[in-house]
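Participant: Take a look at this one; I'll ask things after.
Readers should treat all values here as calculations from the given coordinates under stated rules, not as data from a laboratory. Please read these numbers as outputs of a predicted model, since none were measured by experiment. Quick reminder, even Gly has a Cβ in these numbers, built from the backbone with ideal geometry, and neighbours come from all protein chains shown.
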Amino acid sequence: MIRVAVAGLSHETNTFAEGLTTYDDFARGRGFPGLMRGEAMAETLGGKAICTGAFLDAAEELGFEALPLLWTFPQPSGVIEQAAYDRVLAMLLANLEAALPVDGVLLELHGAMVTEELEDAEGDILEHVRRIVGPETPVIATLDLHANISPRMVAQSDALIGYDTYPHVDAWERGWDAARLLVAAIEGRVRPASALAQAPMLIGPPRQCTLAAPMQDIIALAHEAEERPGILNVTVAGGFPFADIHDCGAAVAVTADGDEALARATAEEIGRAMWERREEFRVRLTPLPEAIDHALRTGEGPVVLADGSDNPGGGAPCDGTVMLQALIEADVPRSTVAIITDPQAVAQAIAAGVGEQVTLQVGGKTDDRHGPTLTLTGYVRLIADGRFANRGPMYTGIEADMGRTVVFVVGGVEVILTEQRIQPYDCQALRCVGIEPRERLLIGLKSAVHFRADFGPIATAIFEVDTPGVHNPDVTRLEFRRLRRPMWPLDEIDRPDPATT
Ligand SMILES: [Zn+2]
């Protein structure tokens, strides 16, 4: 029977975020165990709506033996401590060596991992794996749509298969594609040959959303290209723009059957299509007062305000106060802010007790880039354990843990205070603390785009609001030093083709 090593080593690194990501961050669970190995990994992740879930499910369906090595995916955060990365990678590689001989390797990577010494950690992971299994053994990795794909990642793998959706609702499907292609390569039915085209574009998350043009059209073009003879896979990565590294930005990776020239031509064609529509990729944020006025004027909720600049799902602290302060000052009735992570405020509210009035220092404690700490007097409505399982279309069934959680009410505004940083993209983040989103006039979410999958269908209007932060959807607000230049829209580039210098 075919033997396939299966592993997941993921992190989305925001190099603008305060503090380093440590080994404890890899080890700490967030609703499910933080770092799993061997059979425990297979038991927890089999059947789950993520890439590794599909790898494991495919083993049964396609008839190969899956050898689970290691899986970890901490919450996005700052640059990874070198020693932490070295330790986790060494565990993965030791388990791979112990599993030998293998016929192929399936890796669930994110694609935007940065350590103290490595700008391109995924390139490094793939190179280490390649060294162990040798040049003839197929190695295929899945990637998030927010991968910053480097030439080295393409050179060190047989294929890179990225998500086609943002909100990410196709992780399982892409994992399945990867497993199917790997088996075909092992059996010699295909000979994957890959190429990369990088577009000199930094695209803010809101315009990478695949539910609307222009990204929807680019993905449609990718799907059309996948139907052409000889093309095995097309991956369009919007890129993770909050990484000040050389290879940051949009890219297209294509795998063809034994034909690298075809892969290259196809990647360049789609890269050019993105470049030609660059003006449509430009992010324009709405001033907070304008969004709040809309809610007050129409009176029809829920109006959703996306505070993308403080999105913990992209490494932001999730304790930003700018949106909360604006809602309190406008005293917006029936409004909810989900969430503000502040373990100190949570502890004080719990000490005060349910039904009590208390004055708290809320938020703004991680750095000075997300608004000041607010002194707020309010009412403790509810205390909860903050645990829920996603019911929406994204990572359905995956468990989340906000830590101890408090609903704190200041006038018409209720704020969900948590111990853990979690992106509230699933309605269950509100419902698990007794808040029905449909009954709210206004909901402020610490999320850039993912919330659209579950909140989108119930929202009467959505505004991407202009707040400050390390995940600012308007990337021109950030300062880059190591990024390759010129790069649109930081620099105006006047040329018809992204590849022409
Ligand atoms: Zn992503």
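Participant: What shape does the stretch 3-281 have by the C-alpha gyration tensor, where a ≥ b ≥ c are the square roots of the eigenvalues, rounded means a/c under 1.5, and otherwise prolate means a/b greater than b/c and oblate the rest? Mind dumping the intermediate values first?
Facilitator: Details: a/c = 1.60, a/b = 1.14, b/c = 1.41.
Oblate.
Participant: Given Cα pairs under 8 Å that are at least 6 residues apart, what percent is the relative contact order of the stretch 3-281? Can you show the working numbers first?
Facilitator: On the way: 627 pairs, mean separation 54.4, N = 279.
Computed over the stretch 3-281, the figure is 19 percent.
Participant: Just in the stretch 153-258: which trypsin sites (Lys or Arg not before Pro) are loop by DSSP and have at most 12 other Cβ atoms within 10 Å? Walk me through the numbers before you get to the answer.
Facilitator: On the way: sites: R174, R180, R189, R207; in loops: R189.
Sparse-neighbourhood loop trypsin sites (Lys or Arg not before Pro): R189.
Participant: Sorted by average packing, counted as other Cβ atoms within 10 angstrom per residue and highest first, what order do 490-496, 42-48 take?
Facilitator: Values: 490-496: 10.9, 42-48: 17.6.
Taking the mean over residues of other Cβ atoms within 10 Å, the ranking is 42-48, 490-496.
Participant: Now for a separate question. To check you understand DSSP bridge types, tell me what percent of the beta bridges within the stretch 3-281 (both residues inside) are antiparallel, rounded to 5.
Facilitator: Values: 16 of 40 bridges.
Rounded to the nearest five, the antiparallel share is 40 percent.
Participant: Enter the angle in degrees (range 0 to 90, nearest 10) between the Cα long axis of helix 343-352 and the first principal axis of the Cα atoms of the chain, meaning the one along which they spread out most.
Facilitator: The answer is roughly 40 degrees.
Participant: Order these by the 10 Å Cβ neighbour count, fewest first: H110, H11, H128, H370. Don't skip to the answer; put the middle values down first.
Facilitator: Values: H110 23, H11 29, H128 15, H370 26.
The most exposed by this proxy come first: H128, H110, H370, H11.
Participant: Where does helix 171-186 land angle-wise versus the long Cα axis of the chain, in degrees 0 to 90, nearest 10?
Facilitator: 10 degrees
Participant: Relative contact order for the stretch 1-89: what percent, with Cα pairs under 8 Å and sequence separation of 6 or more?
Facilitator: Working: 150 pairs, mean separation 45.6, N = 89.
Worked out over the stretch 1-89, it gives 51 percent.
Participant: Given a cut-off of under 8 Å on Cα pairs at least six residues apart, what relative contact order in percent is computed for the chain? Provide the component values of the computation, followed by the final result.
Facilitator: Working: 1272 pairs, mean separation 83.0, N = 501.
Relative contact order for the chain comes out at 17 percent.
Participant: Efficiency by 1/(1 + (r/R0)^6): what FRET value for E260 and E117, r their Cβ-Cβ distance, R0 = 25 Å, to the nearest 0.05?
Facilitator: Once rounded, the FRET efficiency stands at 0.20.
Participant: Using R₀ = 35 Å, calculate the FRET efficiency as 1/(1 + (r/R₀)^6) where r is the Cβ-Cβ separation of T476 and A98; round to 0.05. Spell out each step's value before the answer.
Facilitator: Values: r = 48 Å, r/R0 = 1.38.
Efficiency for this residue pair is about 0.15.
Participant: Shifting gears a bit: Have a look at the DSSP beta bridges in the chain and tell me what percent are antiparallel, nearest 5.
Facilitator: Values: 36 of 80 bridges.
For the chain, the DSSP antiparallel bridge percentage is about 45.
Participant: Hey, rough spin-label estimate for A351 and E60, points 7 angstrom out along Cα→Cβ, what's it come to in nanometres?
Facilitator: 5.0 nm
Participant: Now a separate question. Report the antiparallel proportion of the DSSP beta bridges in the stretch 291-430 as a percent, rounded to a multiple of 5. Intermediate results must be reported in sequence, preceding the final value.
Facilitator: Values: 20 of 26 bridges.
For the stretch 291-430, the DSSP antiparallel bridge percentage is about 75.
Participant: How far is helix 121-133 tilted, in degrees, relative to the longest principal axis of the Cα atoms in the chain, given as a value from 0 to 90 rounded to the nearest 10?
Facilitator: Between helix and principal axis, roughly 30 degrees.
Participant: For E187 and D367, what is the calculated FRET efficiency with R₀ set at 45 Å and r taken between the beta-carbons, to the nearest 0.05? Display every interim value, and only then the final one.
Facilitator: Numbers: r = 52 Å, r/R0 = 1.16.
My answer for the efficiency is 0.30.
Participant: Continuing with this model, one more query. For a quick check: with amide H placed at 1.01 Å from N, whose amide H comes under 5 Å from M402's, ignoring anything fewer than 5 positions away on the same chain?
Facilitator: Here the answer is R387, F388, since their amide H atoms fall under 5 Å of that of M402.
Participant: A further question on this structure: For I458 and E279 in the same chain, what is the full-extension length gain: residue separation times 0.36 nm, less their Cα-Cα distance, in nm?
Facilitator: Details: separation 179, 0.36 × 179 = 64.44 nm, distance 2.94 nm.
In short, 61.5 nm is gained.
Participant: Something else now. Separation of the stretch 135-152 and the stretch 420-478 by C-alpha centroid, Å?
Facilitator: The two parts, judged by their Cα centres, are 30 Å apart.
Participant: Going by C-beta contacts inside 10 Å, put Y23, Y395 in order with the fewest on the left. Intermediate values should be presented prior to the final figure.
Facilitator: Details: Y23 17, Y395 23.
By the 10 Å Cβ count, ascending: Y23, Y395.
Participant: Also: For D217 and E300 in one chain, what is 0.36 nm times their gap in residues minus the Cα-Cα distance, to one decimal in nm? Show your work: numbers first, answer last.
Facilitator: Details: separation 83, 0.36 × 83 = 29.88 nm, distance 3.14 nm.
Working it through step by step, the gained length comes to 26.7 nm.
Participant: Moving on. Q344 to R381: extension gain in nm, 0.36 nm per residue of separation minus the Cα-Cα distance?
Facilitator: Working: separation 37, 0.36 × 37 = 13.32 nm, distance 1.73 nm.
Length difference between fully extended and current span is 11.6 nm.
Participant: I've got another one for you. At T22 and E43, where each label point lies 7 Å from the Cα along Cα→Cβ, what is the point-to-point distance in nanometres?
Facilitator: 2.9 nm
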